[in-house]
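Chemist: I have a structure here, written as C-alpha cells, and I will follow up with some questions on it.
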Amino acid sequence: MVEEGEQSVTLDLLREKMVDFANERGWGQFHSPRNLLLAMVVEVGELSEIFQWKGEVARGLPDWKDEERIHLGEELSDVLLYLVQLSDTCGIDLGKAALRKIQLNAQKYPPNPCNNLSEKTEEEAAAARADGDDDSAVVAGSG
C-alpha cells in the first residue's frame with residue numbers, strides 16, 4: 001500500500017491501480033465508457049450534496065469539521081478515479097489532454113489586467129457588472 005509521502009501520485013499510478021483493482025474483481029468487463037461516465041456522474045452528485053445547503057464556502061474550508069473534510073476528500077477521489085478510468089478506457093492521455101486544454105484556454109482568454117477584479121474597487125466591479133462587462137463569470141478551465 002502506498003503511504004502518503006512515499007511516492008508521488010501521478011495519473012499513471014492512479015490508472016494502474018484502478019486497472020489492477022477492477023481486474024482483481026472481474027469488473028473490467030463492465031467498464032464501458034458509458035458505464036464509467038454514468039458512475040462518475042453519480043459521484044459528482046454525491047460531491048454536490050456535500051455543498052448543497054452550505055451556501056458560499058470560504059477557501060480552505062476553515063469552518064469545516066475534520067469528518068467533513070475527510071468525506072469531501074473521499075467524494076473528490078471517487079470523481080477523480082472514475083475520470084482516470086474513463087479517459088483510460090477511451091484511450092485519452094488525460095495529463096496531455098489537460099495540458100493542451102490549458103494552452104487552448106490561455107489563447108482563448110489572454111490575460112487582461114483591466115479585467116482583474118482583485119485590482120478593482122468594489123464600486124468599479126459593480127459598475128462593470130451593471131454594464132455587462134464583467135468577465136469574472138468566465139470560470140477557469142471552462143470553454
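The values are calculated or read from the model by the stated rules, or taken from the named source; none is laboratory data. All of these numbers come straight from a predicted model, not from anything done at the bench. Every residue, glycine among them, receives a Cβ derived from its backbone with ideal geometry; neighbour counts consider all protein chains shown.
Chemist: Could you count how many residues in the stretch 59-83 are of a type in the set (Phe, Trp, Tyr) and not in a helix (DSSP H, G or I)?
Modeler: Looking only at the stretch 59-83, we keep the residues that are of a type in the set (Phe, Trp, Tyr), and these are 64, 82.
Checking which are not in a helix (DSSP H, G or I) leaves us with 64.
Within the stretch 59-83, residues that are of a type in the set (Phe, Trp, Tyr) and not in a helix (DSSP H, G or I) number 1.
Chemist: Just checking, which of 46, 74 is surrounded by 10 or more Cβ atoms within 10 Å (Cβ to Cβ), under 29 Å from residue 86 (Cα atoms), in contact with a helix residue (DSSP H, G or I) (Cβ under 7 Å, 6 or more places away or on another chain) and charged (D, E, K, R)?
Modeler: 46
Chemist: Quick check on my filter: what residues within the stretch 24-37 are surrounded by 12 or more Cβ atoms within 10 Å (Cβ to Cβ) and part of a helix (DSSP H, G or I)?
Modeler: 28, 33, 35, 36, 37
Chemist: Under 7 Å between Cβ atoms, which residue pairs at least 6 apart in sequence (or on different chains) link something in the stretch 48-67 that is under 20 Å from residue 79 (Cα atoms) and modelled with pLDDT of 95 or more with a partner that is outside any loop (DSSP other than H, G, I, E, B) and aliphatic (A, V, I, L, M)?
Modeler: 50/72
Chemist: Select, from 56, 49, the only residue that is farther than 26 Å from residue 98 by Cα and in a helix (DSSP H, G or I). Before you say what the answer is, go through the steps one by one.
Modeler: Values: 56 fails: in a helix (DSSP H, G or I).
None of the other options fit; the residue is 49.
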